[in-house]
Amino acid sequence: MDMLSNLDCEATGAPGVLTIDLAALRRNYRRIAEMVAPARAAAVVKADAYGLGARTVAPVLYGEGCRDFFVAQYGEATSLRPSLPQDATLYVLNGLQPGVEADCAGRDIVPVLNSLEQIGRWRSVAQLASRRLPALLQFDTGMSRLGMAAEEAEALATDPALLNGIDVRAIMSHLACADDVEDPHNAAQEQSMLRFEDMFPGVPVSFANSGGAFLGPNYRGALVRPGIALYGARPTDLPVRPMERVMTIEAAVVQTRIVPAGTAVGYAATHVTEGERRLATLALGYADGVLRSLSNRGAFYFDGIRLPILGRVSMDSTIIDISDLPAGTLKLGSLVEWIGPQQSIEDVAEDAGTIPYEILTSIGHRTLRRYR
Ligand SMILES: *Cc1c(COP(=O)(O)O)cnc(C)c1O
């Protein structure tokens with residue numbers, strides 16, 4: 001693969017290269033969209049599309065027919081709005097923050113309303129503007145994170161004037177355990193959601209994230225909200241065909257050396273060599289997303305050979321053992337794979353004691369991004 005070539009002109013001088021396969025992203029979207037039809041597939045592009053670049057990712061998904069885009073924060077919506085055509089809808093999951101109401105209405109950004117107080121402010125803006133304003137209403141079905149409780153839903157259902165001027169596009173909720181198909185919490189949340197649906201007859205429902213989409217039609221409603229599956233990580237513990245890998249990340253070699261037995265490696269000398277070793281120092285560290293919990297645990301790969309991380313991961317660099325490669329294989333500027341065809345993001349996340357979401361969203365801004 002040319003991604004792994006030793007002399008990569010475009011990457012010259014870069015500490016690392018993040019390669020994003022937009023064709024694979026498209027195919028992942030299409031696969032989810034086909035699976036959930038007749039429900040519509042939105043795309044969750046919060047946190048800069050999980051670190052892959054929302055301003056590139058969102059228009060590509062628009063090209064595949066996606067018209068609904070979810071971000072978490074208002075600032076994410078305003079910065080993404082110019083990258084999307086007018087018929088794309090942008091939703092803000094974290095709710096309607098005080099002070100942004102008029103701007104939000106003016107930019108046609110759709111807030112997810114998470115409380116009666118937020119509904120009240122949106123209703124006032126609608127009255128002032130003398131037009132109906134779109135919103136989603138979020139209810140809490142068992143996560144205690146965002147959204148209204150059953151009593152607040154009752155209040156809305158018994159006094160529809162509370163929603164005057166608000167065009168409720170859908171009611172929504174979020175699953176806490178969707179990646180675990182066996183977890184009884186999923187069915188409990190589904191039952192809770194059915195009670196909210198009864199209070200808002202005929203209003204479309206948005207319920208499932210990536211994992212939820214695989215739990216089956218009961219969880220899909222009218223609008224599914226996949227994030228991680230689009231970006232190629234495993235969305236569920238079901239034995240389904242995995243999503244296509246979208247990202248590859250490689251690190252550049254900045255120094256190699258041979259050290260004798262008994263040599264201390266890295267901060268705090270947490271590794272001491274047992275025999276003569278060949279080491280390489282890579283230009284990515286924890287500031288670039290190589291989590292410090294990978295110290296003395298994770299690995300990089302080259303030509304199918306596992307190259308273990310030795311010692312502590314530093315802020316800007318990581319030391320690996322390259323003794324299993326033929327001498328001279330790696331030179332200054334050579335790229336070694338961290339995540340890609342040789343090592344999955346799931347394996348890296350497990351080594352780091354975390355989840356693929358955190359690995360993706362931790363990739364720093366010093367890494368060169370390439371789209372193909
Ligand atoms: C992040 C998020 C999603 C997407 O979740 P994935 O597991 O990445 O598919 C969907 N809905 C809400 C409310 C979210 O916060």
**Request:** Work out the FRET efficiency for residue 306 and residue 181 from their Cβ-Cβ distance, taking R0 = 25 Å, and round it to the nearest 0.05.
**Result:** 0.20
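Dipole size in debye (nearest 20) for the chain around its Cα centre, Lys and Arg Cβ +1, Asp and Glu Cβ -1?
Values: 34 positive and 43 negative charges, 193 e Å.
Computed charge dipole of the chain: roughly 920 debye.
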**Complete:** Exposure proxy check on 46, 331: fewest-to-most Cβ neighbours within 10 Å is 331, 46
**Message:** Which of 325, 335, 128 ends up with the largest GNM mean-square fluctuation for the chain, with Cα atoms connected below 10 Å?
**Reply:** 128
**Prompt:** For the chain, what does -39500 (n - 2.57) per DSSP helix run (n ≥ 4), summed and divided by total residues, give at 222 nm, in deg cm²/dmol to the nearest 500?
**Reply:** -8000 deg cm²/dmol
**Request:** In nm, give the distance between the simple-model label positions of residue 188 and residue 37, each being 7 Å from the Cα along the Cα-to-Cβ direction.
**Result:** 3.7
**Fill in**
Sequence order, segment 227-232: Karplus ³J(HN,Hα) from phi using 6.51 cos²θ - 1.76 cosθ + 1.60, θ = phi - 60°, Hz rounded, Gly and Pro as x, gives x, 3, 5, 4, 8, x
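Can you give the extra length, in nm with one decimal, that the chain gains between residue 86 and residue 129 once fully stretched, where that is 0.36 nm per residue apart less the Cα-Cα distance?
Numbers: separation 43, 0.36 × 43 = 15.48 nm, distance 1.99 nm.
That works out to 13.5 nm of additional length.
Restricting to bridges with both residues inside the chain, how much of the DSSP beta-bridge set is antiparallel, in percent to the nearest 5?
Working: 28 of 54 bridges.
For the chain, the DSSP antiparallel bridge percentage is about 50.
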**Prompt:** Of 207, 70, how do they rank once you tally other Cβ atoms within 10 Å and put the fewest first?
**Reply:** 70, 207
**Asked** In a GNM of the chain with a 10 Å cut-off on Cα contacts, which of 162, 175, 284 has the highest mean-square fluctuation?
**Response** 162
**Complete:** The ³J(HN,Hα) series, computed from each phi in segment 296-307 with the Karplus coefficients 6.51, -1.76 and 1.60 at θ = phi - 60°, rounded to the nearest Hz and given as x for glycine or proline, is 6, 10, x, 8, 10, 9, 8, 6, x, 9, 7, 10
**Complete:** Most exposed first, judged by fewest Cβ atoms within 10 angstrom, 141, 12, 236 run 12, 236, 141
**Message:** Would you report the distance distribution of C-alpha pairs in segment 247-371 as whole percents per 10 angstrom bin, up to the bin with the largest distance?
**Reply:** 14, 49, 32, 5, 0
**Message:** Tell me the angle of helix 54-63 to the major Cα principal axis of the chain, expressed in degrees between 0 and 90 and rounded to the nearest ten.
**Reply:** 60
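Every read-out reported here was derived from the displayed coordinates using simple, explicitly stated rules and does not represent laboratory data. Computed from a predicted model, the values in this text were never measured in an experiment. Methodologically, a virtual Cβ is constructed for each residue, glycine included, from the backbone with ideal geometry; neighbour enumeration extends over all protein chains shown.
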